[in-house]
Each structure stands twice: as structure tokens, then as C-alpha cells.
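J.: Sharing a structure here in C-alpha cells format.
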Amino acid sequence: MKERSIKIIINSDPANVPFVGNAINKFCLLLSFSEKVIYQIELSVVEALNNCIKHAYSNNLDSEIEIEFVMYSDKIKIYISDKGKSINKEKLKSDFNFDPDDIPNLPERGMGLFIINKVMDEVTYKKEDDKNILIMTKMRS
Amino acid sequence: MVVLINKIVEEKLLKNLLILKILPERLDLTNAEDFKKIVLKYIDDGNINLVLNLSNINFLDSTGLGALVVIFKRLNKKGYFSICCANESVTSLFNLTRMNRLFNIFFTEEESIKALQNK
């Protein structure tokens, strides 16, 4: 049963991301997740928004991102929608491997989707009309 | 830009060791690039033994983590780099991305300093 939902629309400006991060953080408190899990959910939302800004909108600050948090008795679902360039399907499930001894080639970026997949219980991505929608689900343990 | 430096890190010099405490509560897309440039400038100025104190940080994203990797790469073999005082949440990001295999991570600043002295 859907219990409560919040919708936020922001411009694709990095300065707006912490506000959404704080909002999801407070929203998760209602579901009594642990502090660490709340951080990881906030992190997933921030990573998804960063990806929208950097990749979907190529750092254009004036495009629109819609975020919806939906709370259920047993889980939280987060919808993040943009109208920019879609994510390449192969990238969605890409792993993040590196050799800690190969110092020159240590990765400095490209960790966002890996983190989201690692933290969330379910991650789906779809295109609906002109919208790309990332849907992340975290179960209450 | 001295003002910017003062806003992002607070420096403490102990003989040949520089301790930089990150001042904001968040290290993310909004400030990671500035943070990285400032720390790399310290390194290029000859501070090759560095402890980053993360006690103020309650939110680190992959952009902030990427900045730490760049700093690690710059200091590797040339000097000493360690991280201290990360909270449980931030530590969970190091573990999640397996960056804990790279960094010297300590609970306290004292442990970080001692590790260099024992090197």
C-alpha cells in the first residue's frame, strides 16, 4: 500500500542536488532505516542526479529533473526522470573493477551506477515518451 | 584565492607532515573539484606527507571519492597519504567501492600520525 509520496522538480544545477539529498534523508527517517542505510539511499539519489546533470544534460544547468519518493509499508521507491540523453543499457549493469596495484589506471569516475546497483534492491530504467525514468527500490529489512 | 582555501580545508603542519581537515559537511559535485585543486597545490608545493581529516564530513559522493583517488595517485610512491576520522557512513562508501584496499584509513588523527612515524 502506498503510504506517502513527495515530488520535487529541480533545475539541473549541482547546487540543487544537496537539497534533494537532505529531503530523501529526512524522508527515510520515517521508515526507520539505519543511519548508514539512509546515507546510502541519499548517496544513490545524489549519484542518479549527478548522472542526469553530467550525462543526460551535458552540464546544462537549466534543464528539468523530476524526483519522486514513494513510501510503502515495506519499502521506498524513488523515481528520477529527465528529458535528456538516455543511459546506454550496457552501462546500467556495468561492474566496477580495478586493480589496486595498477596505480596509473585507478578509476577516478564512473562509480555512480555501480554504487546505485550495489545499494538498491531493485534498479530499473525505462523510456516513456520523451522521459528517461530511473526507478530505485530499497526494501525495509 | 585564500578565502576559498580557508573555506574548504584547515591546515596544521607537524614537522614534515601536513594535516588537512576538510571543513564542509559535504564533499560532492558542488565542491570536489575546488577541493582537489587546493590539495594538489599543497602537494605540488612540497607537502608530500599528508593526512586528510574527514571528521566534519557527513556526506561523500563518488565525485568526492574520485578527488581522494586523484590525491592518492599524486602522492603514491612520492610520499605518505592517509585518511582519518571518517564516520561509519563514509567508511561504508570506501568498502562498497573497495577503495578501502587503496587508502590507509585510521580512526583517529593520532593513529595516522603514528603510522607515518613508524614507516
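Bear in mind that the values in this text are calculations on the coordinates, not laboratory data. Nothing here was measured: the structure is a model prediction, and the numbers come from that model. All Cβ positions, even for glycine, are placed from backbone atoms using ideal geometry, and neighbour counts span all protein chains on display.
J.: Sticking with the crude label model, points 7 Å out along Cα→Cβ, report the distance from residue A:68 to residue A:137 in nm, one decimal please.
T.: Inter-label distance under the simple model: 1.5 nm.
J.: Let me ask another. Before anything else, pin down the relative contact order of the stretch A:2-139: Cα pairs under 8 Å, at least 6 apart, normalised by residue count, whole percent.
T.: Numbers: 220 pairs, mean separation 37.2, N = 138.
Result for the stretch A:2-139 is 27 percent.
J.: Quick one: Cα centre-to-centre distance for the stretch A:23-61 and the stretch A:96-112, in angstrom?
T.: When both Cα centres are located, 23 Å separates them.
J.: Which three numbers, in whole Å and largest first, are the semi-axes of the equivalent ellipsoid of chain A derived from its Cα gyration tensor as √(5λ)? Please list the in-between numbers first.
T.: Working: eigenvalues 113, 78, 41 Å².
Equivalent-ellipsoid dimensions as semi-axes: 24, 20, 14 Å.
J.: Evaluate the Debye formula for the stretch B:2-117 with equal point scatterers sitting on the alpha carbons, no solvent, and hand back log10 of I(q)/I(0) at q = 0.14 Å⁻¹, in q order, two decimals.
T.: Treating every Cα as an identical point scatterer, log10 I(q)/I(0) equals -0.50.
J.: May I pose another question? Determine, from the Cβ-Cβ distance of residue A:61 and residue B:15 and an R0 of 41 Å, the FRET efficiency 1/(1 + (r/R0)^6), rounded to the nearest 0.05. Please report the intermediate quantities before stating the final value.
T.: On the way: r = 45 Å, r/R0 = 1.10.
Computed FRET efficiency for residue A:61 and residue B:15 comes out at 0.35.
J.: Is the C-alpha gyration tensor of the protein assembly as shown telling us rounded, prolate or oblate? Criteria: a/c under 1.5 is rounded; beyond that, a/b larger than b/c is prolate, otherwise oblate.
T.: Values: a/c = 1.96, a/b = 1.80, b/c = 1.09.
Here the protein assembly as shown falls in the prolate category.
J.: Just going by the charge dipole of chain A, with Lys and Arg at +1 and Asp and Glu at -1 on Cβ, which of A:104, A:53, A:23 is farthest out on the positive end?
T.: Selected residue: A:23.
J.: Report the residues of the stretch A:56-77 in range of a label on residue A:90: point 7 Å along Cα→C-beta, backbone N strictly under 19 Å from it.
T.: It comes to A:56, nothing else.
J.: Would you mind ranking A:124, B:63, B:91 so that the residue whose beta carbon has the fewest other beta carbons within 10 Å leads the list?
T.: A:124, B:91, B:63
J.: How much of the DSSP bridge set in chain B is antiparallel, in percent, rounded to the nearest 5? Don't jump to the answer; show the numbers that get you there.
T.: Details: 6 of 20 bridges.
So the antiparallel bridges in chain B amount to around 30 percent.
J.: For residue A:75 paired with residue A:2, estimate the spin-label separation in nm (one decimal), with each label point 7 Å from Cα along the Cα-to-Cβ line.
T.: 1.5 nm
J.: For residue B:7, which lysines qualify as cross-link partners when the Cα separation must be under 18 Å and same-chain residues fewer than eight apart are set aside?
T.: B:21, B:36, B:37, B:41
J.: Check the straight Cα-Cα distances from residue A:131 and name the lysines below 25 Å, setting aside those fewer than 8 residues away within the same chain.
T.: Straight-line reach from residue A:131, under 25 Å: A:2, A:7, A:54, A:75, A:77, A:83, A:85, A:89, A:91, A:93, A:118.
J.: Distance in nm between label sites at residue B:41 and residue A:101, each 7 Å beyond Cα in the beta-carbon direction?
T.: Once both label points are built, they end up 3.8 nm from each other.
J.: How high is the relative contact order of chain B, in percent, with contacts defined as C-alpha pairs under 8 Å that are six or more residues apart?
T.: 24 percent
J.: Let me ask something else. Kirkwood Rh over Cα pairs of the stretch A:80-141 into Stokes-Einstein at 37 °C, 0.692 mPa s: D in µm²/s? Working shown, then result.
T.: On the way: Rh = 13.5 Å.
In µm²/s, the coefficient is 243.
J.: Quick one: 3J(HN,Hα) in Hz for the stretch B:82-94, Karplus 6.51/-1.76/1.60 with θ = phi - 60°, rounded, Gly and Pro as x.
T.: Taking θ as phi minus 60°, the curve returns 9, 10, 9, 6, 6, 6, 4, 5, 4, 4, 5, 6, 4 Hz for the stretch B:82-94.
J.: Starting with the highest mean, order A:126-133, A:72-79 by the number of other Cβ atoms within 10 Å, averaged over the residues of each peptide.
T.: Details: A:126-133: 11.2, A:72-79: 16.0.
With the highest mean Cβ count within 10 Å placed first, the list reads A:72-79, A:126-133.
J.: Sum -39500 (n - 2.57) across every DSSP H segment of at least 4 residues in chain A, then divide by the residue count to get the 222 nm mean residue ellipticity, nearest 500.
T.: Working: 4 runs with 42 residues, N = 141.
Here the helix-only value at 222 nm equals -9000 deg cm²/dmol.
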